[in-house]
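These notes concern the structure reproduced below.
The values are calculated or read from the model by the stated rules, or taken from the named source; none is laboratory data. Remember, it's a predicted structure, so these values are computed and weren't measured experimentally. Positions of Cβ are backbone-derived with ideal geometry, glycine not excepted, and every protein chain shown enters the neighbour counts. These accessible areas exclude ligands, DNA and RNA; they are computed on the full protein's heavy atoms, side chains included. Shrake-Rupley method; radii C 1.70, N 1.55, O 1.52, S 1.80 Å.
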Amino acid sequence: GQLPTWLQGILLRNGPGMHTIGDSKYNHWFDGLALLHSFTFKNGEVYYRSKYLRSDTYNCNIEANRIVVSEFGTMAYPDPCKNIFAKAFSYLSHTIPEFTDNCLINIMKAGDEFYATGETNFIRKINPQTLETLEKVDYNKYVAVNLATSHPHYDSAGNVLNMGTSIVDKGKTKYLLFRIPSSVPEQEKKKSCFKHLEVVCSIPSRSLLHPSYYHSFGITENYIIFIEQPFRLDIVKMATAYIRGVSWASCLAYNKDDKTWFHFIDRKTKKEVSTKFYTDAMVYFHHINAYEEDGHIVFDIIAYTDNSLYDMFYLKNLGKDFEENVKLTSIPACKRFVVPLQCDKDAVVDSNLVTLPSTATAVKEKDGNIYCQPEILCEGIELPRINYGYNGKKYKYVFATEVQWSPVPTKIAKFNTQTKEMLHWGQDDCWPSEPIFVPSPDAKEEDDGVVLTCVVKSDPKDPPFLLVLDAKTFTELGRAIVNVEMHMDLHGMFIPQQDVKPRTE
């Protein structure tokens, strides 16, 4: 096929790549050592490269020729040949775990630098052109967080907004929203933007020892949306996991009888909206988008009725027949919540306060809390992306992978949230990755541009390829076949040519 001449830049992808080191194997697919890969678009041609992230975790494991650094689903133990004192010391040092820097989930832009990110307090700077691993950044030096999301947001000035969990810091467990500026003052040019990181606000956890797990958060023009779900980390179990010989993942528990609480933080005042909004128990990983309309916040997420998704990716479940054997017990649903922020204080108890045309409801209860029920927009999509120019604004289109009962994507979908129409791209034996939308330079409409996805073939003899679709019609413009073994990945970003610094190597 043919690529549009304007498509110039680098598509960066990140995900787990190596699951066996020496004689040791990871238990979970999300534990594998991070593998970065890139597709560089230049004058109608595509160049591919891949490289393992040379994290401290990678280096220690490769040097020992076995897994020596614990990951979320795999607890690593010291060499059995070590003497008893060294062993005892290792056990003690794991109570507040030193987390891994195997940043395998996403790519983040801060200032004009790029970082591989996971969900711990460590991120690794990378060179987007050579995929070389550069310095390690510890968020904890700048803000008291032990965990952070790998789905930050960017405001119009390019500042990064992200959230992290501060575990039992000064006797409190809280969720911190922080901002990393896109540039530093002229006189401090040598300093990193992290030195100017500021905490925007903190939200106390409903439980000191059971903070909620979260993978992303939402943002509108005036508000930050944080969902505190009943899928929680047990801190005491986590501190003793090493001694008990279990993984940190076993310290996550979902309580289906609990509530899911919504927090809305005013971006100007940095204060939380005082009204309490909640919905039924659910598990979510990905926010799609959010916006404000007539005194309401409208936000779209992909949610499940249980936490089975994580369990499916244990490697013992991913054998040769796993497409048949591994079935989701809860299909992901694209849920739209409509929350009336400007609601009448004298509204009648049990009345629905939503005045927008939607089947979503928000019902006032006797105690003043507001119980929200969503509108189901569609089912069976995951890894959602939008035209980021519409982030926090009223929008139409979601680009996503399509999953039915199996957790492995078999198609790419474009969903219109207003008309509920869905377009698909799919071919036999193809497993596409998260689709990334790239707007055309003179775009007039939300879907003017292309969608990029890496496609892995289920038959190892067939080569993988990069697929370029016209975002409007969802027809194929071209594909670049890559004669290497490529892995399914998680997330990534497109870096336009003008954002790539000149090569220094």
Practice task
Keeping to segment 392-442, report how many residues are open to solvent by 40 Å² or more (accessible area, probe 1.4 Å), among the acidic types (Asp, Glu) and touching a Ser or Thr at 6+ places or on another chain (Cβ under 8 Å).
Solution key: 1
Problem - Enumeration of residues in segment 106-150 that are surrounded by 23 or more Cβ atoms within 10 Å (Cβ to Cβ), closer than 18 Å to Tyr388 by Cβ and touching a helix residue (DSSP H, G or I) at 6+ places or on another chain (Cβ under 8 Å) - result: Ala110
Handout entry: Of residues in segment 359-391 being touching a residue at least 40 places away in the same chain (Cβ under 8 Å) and polar (S, T, N, Q), the one most open to solvent (accessible area, probe 1.4 Å)
Key = Gln373
Practice task
Go through the residues of segment 230-245 one by one and say whether even a single one is open to solvent by 20 Å² or more (accessible area, probe 1.4 Å), in contact (Cβ under 8 Å) with a residue 60 or more places away in the chain and in contact with an Asp or Glu (Cβ under 8 Å, 6 or more places away or on another chain).
Solution key: no
Practice task
Might you let me know whether segment 468-489 holds any residue that is under 30 Å from Ile224 (Cβ atoms) and either part of a strand (DSSP E or B) or without any contact (Cβ under 8 Å) to a residue 40 or more places away in the chain (or both)?
Solution key: no
Problem - The lone exception for Met488 - which of (1) more than 26 Å from Leu377 (Cα to Cα); (2) more than 23 Å from the chain's Cα centre (by Cα) it fails - result: (2)
Handout entry: Single residue of Lys172, Lys191 found to be open to solvent by 10 Å² or more (accessible area, probe 1.4 Å), out of contact with any strand residue (DSSP E or B) (no Cβ under 8 Å at 6 or more places or on another chain) and over 24 Å from Arg13 (Cα atoms)
Key = Lys191
Exercise for the section: Within segment 349-369, identify whether any single residue is among the basic types (Lys, Arg) and part of a strand (DSSP E or B), and answer yes or no. Expected result: yes
Completion exercise
Only one of Thr95, Thr57, Thr40 is of a type in the set (Val, Ile, Thr), at pLDDT 90 or above and out of contact with any Ser or Thr (no Cβ under 6 Å at 6 or more places or on another chain), namely Thr40
Exercise for the section: Tell me the strands (runs of 3 or more DSSP E) entirely within segment 416-457 that contain at least 2 residues that are of a type outside the set (Asp, Glu) and modelled with pLDDT under 95. Expected result: 430-432, 449-457
Handout entry: Conditions (1) hydrophobic (A, V, I, L, M, F, W, C); (2) part of a loop (DSSP other than H, G, I, E, B); (3) touching a Ser or Thr at 6+ places or on another chain (Cβ under 7 Å); (4) modelled with pLDDT under 95; number of the one not met by Ile167
Key = (2)
